[in-house]
Amino acid sequence: MTEQNTSADTLIRLSAAQLSEKLRAGEVTAVEVTQAYLDRIAAVDGQVNAFLHVNAGEALAVAAEVDAIRAAGGAEAEALHQLAGVPIAVKDLIVTIGQPTTAGSKILEGWHSPYDATVVERLRAAKMPILGKTNLDEFAMGSSTEHSAYGPTRNPWDLDRIPGGSGGGSAAAVAAFEAPLALGTDTGGSIRQPGAVTGTVGVKPTYGSVSRYGAIAMASSLDQIGPVTRTVLDSALLHQVIGGHDPRDSTSLPEPLEDLVAAAKTGNVEGLRIGIIKELHGEGYQAGVENRFNDALELLKEAGAEIVEVSCPNFQYALGAYYLIMPSEASSNLAKFDGVRYGLRVLPEDGPMTIERVMGATRAAGFGDEVKRRIILGTYALSAGYYDAYYGSAQKVRTLVQRDFEAAFAQADVLISPTAPTTAFPLGEKLDDPLAMYLNDVATIPANLAGVPGLSLPGGLADEDGLPVGIQLLAPAREDARLYRVGAVLESLLEAKWGGPLLAQAPDLAAAAAETLETQEAK
Ligand code: GLN
């Protein structure tokens, strides 16, 4: 290995906060950092398939611009954002000018958005080079990224396992050191569950605190864009860039964000009441997940937190309610993909060329099975004869879940649970069993139904399979800062125990790639 390789390898393993310091101190240039990540993508993404599109030219141009501003000094250099020059990857559900946006679907293959999502505008304003667009389950429907029309993403901890979903691409990119930061979207867990199974940090902000303008809508009352990172502080830094009011999103909260970065830096749990949600652990959770969860509780207790148990009895109905509300909203949101206005158009092979038949042929060819399943489910739940029985009942459950949260937050400042019931499962294992797939989100869905924020952070490796386990923290709406305060403490306690970040224990993908190449050459 050459000296330059060694330093590039060190660079890609730094956190965004560390990179930002090095950039500002002039120890590295933004072009060096961006190039190191692009090289890493070239070296390992053939194995991981985290990226659907790599945006090398533009990313390097933005980096060069940051370097030029910094070199010139003066007011413009002073005004550079703290994360200027720190690269990022964007889930391909979020629209971007100058790069394709596919939503993981054939129906949008080759489509380019004429506008940027608000969060993307904010990344550009901060001059963060966008490395590319990451893989996802088609239209964000799934928990394994296997429903992507462009092939599954693989888990960097074990390439035969799923990276979670729907945002498996963003989580795997960050876990495989192909990006220091990424954006995800979370409708029922798509940021947090991939975070859990890849050993990364993922945050679903309070509903309305990050603009959804330009995130292709799945279920508008549940969707939220949020950070995917390797550290809690990095999530706070990124959340601060993308968050805050946006007049273009009618559900955007008017008030400014609290200082999330300060919260992550002044973590303290002394005297804090942390509530274990009785219904979200124990039976149905893998033993190794439960063990790491208990370890985390022990550490928090030692650090001065008071652990209490809370009960949220209606959470048992949350998954069922979600799978009525989410498909109902999706069936309406996806009606715009009709072969007329966007992307793919397939003409019927024979017979009359009516608009209905063009639409039918386009949707039959353009949508995958899971998307079709949910459109049918949603249309059915919303149909006149069944509306009250299904959609109406689900909305009532949603209110009950919100009330459970209110009662729980009267007893505890934050709530805690495992993020997902199991570690990463083998590719293909649940692909033909939608119900088994849906169960992965049993612990993450309640937060979406209630609009409260959630953070998942690595809790260690399960004893039985050596794979990452996620710990989820939940706070009341608008109290995202609390998640960072507690998350940062738990992270530092855990890392002290492990002797460094959990991802340092992940297999070395670049070495594996080099080895495969060598054996192939030797043959
Ligand atoms: N896995 C869940 C689903 O398939 C959540 C998806 C998401 O959060 N986008 O609906």
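Rounded if a/c is under 1.5, else prolate if a/b is larger than b/c, else oblate: which is the stretch 364-523, with a ≥ b ≥ c the root eigenvalues of its Cα gyration tensor? Judged from the Cα gyration tensor, the stretch 364-523 comes out oblate (a/c at least 1.5, b/c at or above a/b).
Shape call for the chain from the C-alpha gyration tensor, a ≥ b ≥ c root eigenvalues: rounded (a/c under 1.5), prolate (a/b greater than b/c) or oblate? Rounded. Accessible area per residue (1.4 Å probe, heavy atoms of protein chains only) ranks Tyr323, Tyr342 as Tyr342, Tyr323, with the largest value leading. Report for the chain the percent antiparallel among DSSP-assigned beta bridges with both residues inside it, nearest 5. Given both bridge residues lie in the chain, the antiparallel proportion sits at roughly 65 percent. Give me the Kirkwood hydrodynamic radius of the stretch 357-428, using the inverse of the mean 1/r over all pairs of distinct Cα atoms, in Å to one decimal. Radius from the Kirkwood sum: 16.4 Å. For the pair Tyr342 and Lys372, label points projected 7 Å from Cα toward Cβ lie 2.0 nm apart.
Taking 1.567 mPa s as the viscosity and 4 °C as the temperature, the Stokes-Einstein diffusion coefficient of the stretch 165-241 based on its alpha-carbon Kirkwood radius rounds to 108 µm²/s. Computing FRET efficiency as 1/(1 + (r/R0)^6) for Ala71 and Tyr115, where r is the C-beta to C-beta distance and R0 is 45 Å, gives about 0.90.
The distance linking the stretch 27-95 with the stretch 451-511 is 25 Å (Cα centroid to Cα centroid, whole angstrom). Rolling a 1.4 Å probe across the protein heavy atoms gives the stretch 408-471 an accessible surface of 26 Å² per residue. Between amide H atoms placed 1.01 Å from N, distances below 5 Å from Leu181 occur with Ala89, all of them 5 or more places distant or on a separate chain.
By the scheme Lys and Arg +1, Asp and Glu -1, what is the net charge of all other residues having a beta-carbon under 15 Å from that of Val310? With Lys, Arg at +1 and Asp, Glu at -1, the neighbours total -3. A simple count of charges around Gly189, restricted to other residues whose Cβ falls under 9 Å of its Cβ and scoring Lys, Arg +1 and Asp, Glu -1, yields 0.
Spin-label model, Asp463 to Ser250: label points 7 Å out along the Cα-to-beta-carbon direction sit 5.3 nm apart.
Listed by chain and number, the lysines whose alpha-carbon sits under 29 Å from that of Lys127, ignoring those within fewer than 8 places in the same chain, are Lys22, Lys91, Lys204, Lys265.
For the chain, the membrane-span-like helices by this rule, meaning whole DSSP H stretches whose C-alpha atoms cover at least 15 Å of axis and whose Kyte-Doolittle mean is 0.0 or above, are 30-48, 56-72, 232-242, 318-333, 355-366, 369-382, 480-498, 509-522; this says nothing about an actual membrane.
If you sort the three axes of the alpha carbon gyration tensor as a ≥ b ≥ c, you get a/c under 1.5 for the stretch 97-230, which makes it rounded. Given R0 = 41 Å, the distance between the Cβ atoms of Asp9 and Lys278 translates into a calculated FRET efficiency of 0.35. Tell me the net charge near Val371. Cut-off is 11 Å between Cβ atoms, Val371 excluded, with +1 for each Lys or Arg and -1 for each Asp or Glu. Spelling it out: positives minus negatives among the neighbours equals +1.
Normalising the average separation of contacting C-alpha pairs (under 8 angstrom, six or more residues apart) by the number of residues puts the relative contact order of the stretch 417-495 at 31 percent. P(r) for the stretch 68-130, from all Cα pairs and a bin width of 10 Å, is 21, 41, 24, 11, 3 %, short bins first.
Nearest 5 percent is fine: what portion of the DSSP beta bridges confined to the stretch 44-197 is antiparallel? Taking every DSSP beta bridge with both residues in the stretch 44-197, the antiparallel ones total about 45 percent. Taking packing as the residue-averaged number of other Cβ atoms within 10 angstrom, the listed peptides 207-218, 181-192, 139-150 run from highest to lowest as 181-192, 139-150, 207-218.
Computed on the stretch 11-143, with alpha-carbon pairs under 8 angstrom and 6+ residues apart, the relative contact order is 30 percent.
Ordering 488-496, 165-173 by mean Cβ neighbour count within 10 Å, with the highest value first, yields 165-173, 488-496.
Calculated mean residue ellipticity, 222 nm, the chain: -13000 deg cm²/dmol, from DSSP H runs (n ≥ 4) at -39500 (n - 2.57) each, averaged per residue and rounded to 500. Taking every C-alpha pair closer than 8 Å and separated by at least 6 residues, the mean separation divided by the residue count of the chain gives a relative contact order of 17 percent.
Stretched out straight at 0.36 nm per residue, the stretch from Ser383 to Arg403 would grow longer than its current Cα-Cα span by 4.4 nm.
Dipole magnitude for the chain: about 1140 debye, using +1 per Lys or Arg Cβ and -1 per Asp or Glu Cβ, origin at the Cα centre.
The values are calculated or read from the model by the stated rules, or taken from the named source; none is laboratory data. These numbers were taken from a predicted model, which means no experiment stands behind them. Cβ: placed from backbone, ideal geometry, glycine included. Neighbour counts: every protein chain shown. Only protein heavy atoms, including side chains, enter the accessible area calculation; ligands, DNA and RNA are left aside. Shrake-Rupley method; radii C 1.70, N 1.55, O 1.52, S 1.80 Å.
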